[in-house]
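Heads up, the thing below is written out as structure tokens.
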Amino acid sequence: MTAVDQSRIRNFCIIAHIDHGKSTLADRIIEMTGLLTSREMQAQILDNMDLERERGITIKSQAVRTVYKAKNGEEYIFNLIDTPGHVDFNYEVSRSLAACDGAILVVDAAQGIEAQTLANVYLALDHDLDVFPVINKIDLPSADPDRVAEEIEDVIGLEAHDAPRISAKSGLNVEDVLEAIVEKIPAPEGDPEAPLQALIFDSVYDSYRGVIVFCRIKEGTVKRGTPIKMMATGASYDVVEVGYFGAGQFIPCEELSAGMVGYITASIKNVRDTRVGDTITDRSNPCKEPLPGYKKVTPMVYCGLYPADGAKYPELRDALEKLQLNDASLFFEPETSVALGFGFRCGFLGLLHLEIIQERLEREYNLDLVTTAPSVVYRIHKTNGEVIDLTNPTNMPDPSEIEYMEEPVVTAEVMVTTEFVGAIMQLCQERRGVYLGMEYIEATRALLKYELPLNEIIYDFFDALKSRSRGYASFDYELKGYEQSELVKLDILINREEVDALSFIVFEGSAYERGRKMCEKLKDEIPRHLFEIPIQAAVGGKIIARETVKAVRKDVLAKCYGGDISRKKKLLEKQKEGKKRMRQVGNVEIPQKAFMSVLKLDEE
Amino acid sequence: MELYVHIPFCVKKCAYCDFLSFPQGEEIQRRYVEKLMEEIRTVSAGFHDTPVSSVFVGGGTPSVLKARWMKELFDCLRASFHIEETAEISMEANPGTVDREKLRIYREAGINRLSFGLQSADNRELKALGRIHTWEEFLESFRLAREAGFSNLNVDLMSALPGQTVESWMDTLKKTADLDPEHISAYSLIIEEGTPFFEAYGNGRGDGILPDEDAEREMYHRTREFLKDRGYERYEISNYARPGMECRHNLGYWTGVSYLGLGLGASSYVNGCRFCNERDLGIYLGEKPGKRLDQEILTKKDMEEEFFYVGLRLVQGVSLKEFEERFGERAQDVYPGLMERLEKEGAAVLSDGRFRLTDYGMDVSNYVMAEFLQ
């Protein structure tokens, strides 16, 4: 490939609320730019993980390069950079946006603006992207594109009267979008002769080539042999190959120069060397400063992951290591639990990230897992002046050593139709929310703003939100910081023995309620034994709730004759097998399920 | 060795019954008897000199067969096997299916023990179970059996029936004990899958109708106390007898004696090997007899496990000395710490070289027995 005229390049992304049609529009753009035949199209090309397809969300950002012949007769290179659509991956979204020069905002013609729409638009505007709106799904019976256009103008302040009105699904008017990309998205800038400055926005691990780094060249040029250095991590390599993204494949090229989007390989063994947001420069001619905006991603949510079968511990470690090759934000370290044996304390960007990793471990690596209650990172200020970040409730110091504790707090925005405002406000109050304000988006919809402790939303906030608004509420949040809070460690005692895997940190005012619910739930989950089993919740050694699992009074096969002996043995073996899958705490067998059921205390 | 002979026919299937049994016309019954005799002649080949200490004819309702066919069967058995003079020869019979003449022929055939399936002395409970007889008809059958000279009679009873109370159960027990049978089996009802009872009461559908766990246990405990007062000792989880009148055939099952099963679906345990006969009547009637299904050769470990989980059904428990003689290892070494633990839990007692369940251990015997499976 010869050097490309910058004015013929368009680097952009698509932003949208979940289900508003981002991936479908991406498919159509790829299809209509003619690089692929319809036969080659998978249903959704950008999302190539099974899990993503099932959940309808995009987990890892990826990019694709296509060529469009515009109505003016010129050929344009489109670099479409896909962004994850979930708040857990906000930082990754921001780095993907930083790799673009403009964004297409997709809004559903029936649903209008949602919480994520706003959050993403603001994020795009923060990155100085030129955003133009597209109204999608106009073929739906409930579509009201005029109202939605008005909403976009009123709420976001974007010109929307000439916004393409399309159906990405059927392809209707999608060529208008292609023309708008050429007209409204600015061409990239940057000097190909300047010192190299390239932004890493993603990377994947390939077992043959090592890490493949996805980057946007801001300044300078990179090619085979360029001695590169990652400015934040300090890692140095020599480039083996550069190229761009065909649909679903990597296509090598001579060089990547300012304004271009592509990939670099350099026999990089570890994805941790290629942090998203880091700047790549040329060791022999380094740039003065890295690109702004890099931060080291730190996990927000931690939990213990244990193999259901203790013998699978090495397999779990291997699987986590493999996943980490592609996911620098996944953290894990070995830990042991009295109740669960050997496992790992794992850190995630959020609860969705946790669920995705858990599902991938179970599905792709065939592992049966026991997960302990997720916990946020608490900050403990000790009386001796020491400050510690607590990721595992069992490591909480003695209360006498604690001066005070802090917990992470987020600012949350909930978009909801006015009839449910009361219900959602009540939910936020219950979750210790601090009301910040409310705006009416239109006569029937409001945007509620709250400050909420993160630990109140990592369990089941989404579910509660959905059920209390009959699915009409949408939600987005960002981390605000740490605030002082009255927190205690709640312990669960089963048959008077503390079960470490069930301990968690809770707001003091909620401890009694949570403890009571835990005990009730565990009572249902723990099978009856030959003896009575007290289940107690305790705070600082004081029992605050109690339930009892009654002793078994009868477990007998009344009738057994000669022909029954084999059958009976099978029955007993099954009974025994069931016990094997349980965890022994003291002399009580606890089913694996019990450890997880306590995560869903608010289910009715 | 013991013989079990299965007669898979009944007048009408009861609502709780999951045994291999069904109503059939006389023609099929006759073909069955002939096939059964063919089987007896075929499979006895390897056992001509093995003494047979007991025969049990079960079902189904064996007494639905014509009595002279039963006589034919026994003639065939005696011609093929070496049945000891003193052998216990039992047959199951349903009240209302026997008369004076039938009972006379049974005696002639050498049957010396009858087992009546009474289940309940309450006619409403009998009806709910789908039984074909009344309490009064049972009384008549029982009286006729005594008249015919049967001096060893068993009565089967069932507790934990739908709608049954502790009082109605005690009434059934009392009425039965008043008749002075030599043996009483008192089972608690098991709701088996695939029966009409399962449809009606399975998976929690019987809550509030079936006696709850506490009432059920009370029935069991009061049964033991009541029958003890009346001179019946519990010798197995659900079996009671006058001293010396325990069912020898059943004792054999629980002490590892070999048995050969004859007839449709019958199970055998011979030479350390368990197997089963064809269960489909059409196939059974059409094929050469002697085919073994589900054959399972027990390993030493299997036998050690069985020694406990079968033997512990008996009140006398198991002899640890016998274990050591049979397997060349001490039970304490095969199951380190287990017996001590069960003793500590109050489920079992170790004394005089025997390990046996306590009353409480009997109540939770599945739990205890499962511990011996490795």
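The numbers here are math on the coordinates, done by the rules we state, and not lab data. Please read all numbers here as calculations on a predicted model, not as lab measurements. Methodologically, a virtual Cβ is constructed for each residue, glycine included, from the backbone with ideal geometry; neighbour enumeration extends over all protein chains shown.
Residues considered: B:SER268, B:SER159, B:SER44. Largest GNM mean-square fluctuation over chain B, using C-alpha springs under 10 Å, is found at B:SER44. Taking every residue in A:548-555 and counting other chain Cβ atoms within 10 Å of its Cβ, the average works out to 5.
Charges were assigned to the Cβ only: +1 to each Lys and Arg, -1 to each Asp and Glu. The resulting dipole of region A:379-485 about its Cα centre is roughly 420 debye. Relative to the longest principal axis of chain A, what angle (0 to 90°, nearest 10) does the C-alpha long axis of helix A:313-325 take? In chain A, helix A:313-325 runs at an angle near 20 degrees to the longest axis.
Extension gain for the segment B:ARG31 to B:ILE190, taken as residue separation times 0.36 nm less the Cα-Cα distance, is 54.0 nm to one decimal. Would region B:299-374 count as rounded, prolate or oblate if I go by the C-alpha gyration tensor, calling it rounded below 1.5 in a/c and otherwise prolate when a/b exceeds b/c, oblate otherwise? The shape class here is prolate.
Placing a label point 7 Å from the Cα of B:GLU85 along the Cα-to-Cβ direction, the residues of region B:33-55 whose backbone N falls under 17 Å of that point are B:51-54. Taking the number of Cβ atoms within 10 Å of each Cβ as an exposure proxy, the fewest-first ranking of A:LYS296, A:LYS521 is A:LYS296, A:LYS521. Each stretch of four or more DSSP H residues adds -39500 (n - 2.57); spread over every residue of chain A, this sum gives -7000 deg cm²/dmol at 222 nm. Residues A:ASP389, A:ASP476, arranged from fewest to most other Cβ atoms within 10 angstrom of their Cβ, appear as A:ASP389, A:ASP476. Label-to-label distance for A:GLN6 and A:GLU355 is 4.4 nm, based on points extended 7 Å past Cα in the beta-carbon direction.
For region A:300-339 versus region B:200-228, the inter-centroid distance based on Cα atoms is 48 Å. Overall, the anisotropy analysis places region A:197-282 in the rounded class: the square-rooted eigenvalues a ≥ b ≥ c of its C-alpha gyration tensor yield a/c less than 1.5. Relative contact order, whole percent, for region A:379-485 stands at 35, derived from Cα pairs under 8 Å and 6 or more residues apart. Go through A:VAL182, A:VAL148, A:PHE214 and say which Cα lies farthest out towards the positive end of the charge dipole of region A:143-214; charges sit on Cβ, +1 for Lys and Arg, -1 for Asp and Glu. The residue sitting farthest along the positive end of the dipole is A:PHE214. Amide hydrogen proximity for A:VAL134: with H placed 1.01 Å from N in the peptide plane, the residues at 5 or more positions away or on another chain lying under 5 Å are A:LEU105, A:VAL106, A:VAL107. Measuring between their Cα centroids, region B:261-325 and region A:351-386 lie 51 Å from each other. Each Lys and Arg Cβ is given +1 and each Asp and Glu Cβ -1; about its Cα centre, the protein assembly as shown then shows a dipole of about 3420 debye. For peptide B:211-218, the mean count of partner chain Cβ atoms within 10 Å of a residue's Cβ comes to 2. Electrostatic bookkeeping for A:LYS382 treats Lys and Arg as +1 and Asp and Glu as -1; over the other residues with beta carbon under 9 Å from its beta carbon, the sum is -3.
Which residue, chosen from A:VAL131, B:HIS249, B:PRO23, occupies the Cα position most advanced towards the positive end of the dipole of the protein assembly as shown, where the dipole is computed from +1 (Lys, Arg) and -1 (Asp, Glu) charges on Cβ about the Cα centre? Checking the options against the dipole of the protein assembly as shown, the answer is B:HIS249. On a 27 Å Cα-Cα criterion, which of the cross-link pairs A:LYS517/A:LYS579; A:LYS569/B:LYS66; A:LYS569/B:LYS71; A:LYS22/A:LYS322 come out too long? Where the Cα-Cα span goes over 27 Å, the pairs concerned are A:LYS569/B:LYS66; A:LYS569/B:LYS71; A:LYS22/A:LYS322. Across region A:501-549, the relative contact order, built from alpha-carbon pairs under 8 Å that are at least six residues apart, equals 37 percent. Using a Förster radius of 51 Å, what is the FRET efficiency between B:ARG341 and A:LEU158 based on their Cβ-Cβ separation? Nearest 0.05, please. Computed FRET efficiency for B:ARG341 and A:LEU158: 0.10.
The distance between label points at A:GLU513 and A:GLU483 comes to 1.7 nm (points 7 Å beyond Cα on the Cα→Cβ vector). For region A:396-555, the residue among A:LEU493, A:PRO534, A:TYR435 whose Cα projects farthest onto the positive side of the dipole built from Cβ charges is A:PRO534. For region A:183-263, the list of GluC sites (Glu not before Pro) that fall in a loop by DSSP and count at most 16 other C-beta atoms within 10 angstrom reads A:GLU189, A:GLU193, A:GLU254. Loop-located trypsin sites (Lys or Arg not before Pro) across region A:158-233 with a Cβ neighbour count of 11 or fewer within 10 Å are lacking, with loop assigned by DSSP. At an R0 of 45 angstrom, the distance between the Cβ atoms of B:HIS48 and A:SER597 translates into a FRET efficiency of 0.10. A simple spin-label model places the labels of A:ASN173 and B:ARG107 10.3 nm from each other, with each point 7 Å out along Cα-to-Cβ. Here the relative contact order of region A:355-419, from alpha carbon pairs under 8 Å that lie six or more residues apart, stands at 27 percent. Here's the picture: a label point sits 7 Å out from the Cα of A:GLU193 along the beta-carbon direction, and within region A:249-273 the residues with their amide nitrogen under 20 Å of it are A:255-260. For chain B, the cysteines with no partner cysteine C-beta closer than 4.7 Å are B:CYS10, B:CYS76, B:CYS247, B:CYS273, B:CYS276. Subtracting the Cα-Cα distance of B:LEU285 and B:ASP333 from their residue separation scaled by 0.36 nm leaves 12.4 nm. As a proxy for reagent exposure, B:SER53, B:SER151 were ordered by neighbouring Cβ count within 10 angstrom, fewest first; the result is B:SER151, B:SER53. The loop-placed chymotrypsin sites (Phe, Trp or Tyr not before Pro) in region A:530-604, going by DSSP, that have at most 15 neighbouring Cβ atoms within 10 Å of their Cβ come out as A:PHE531.
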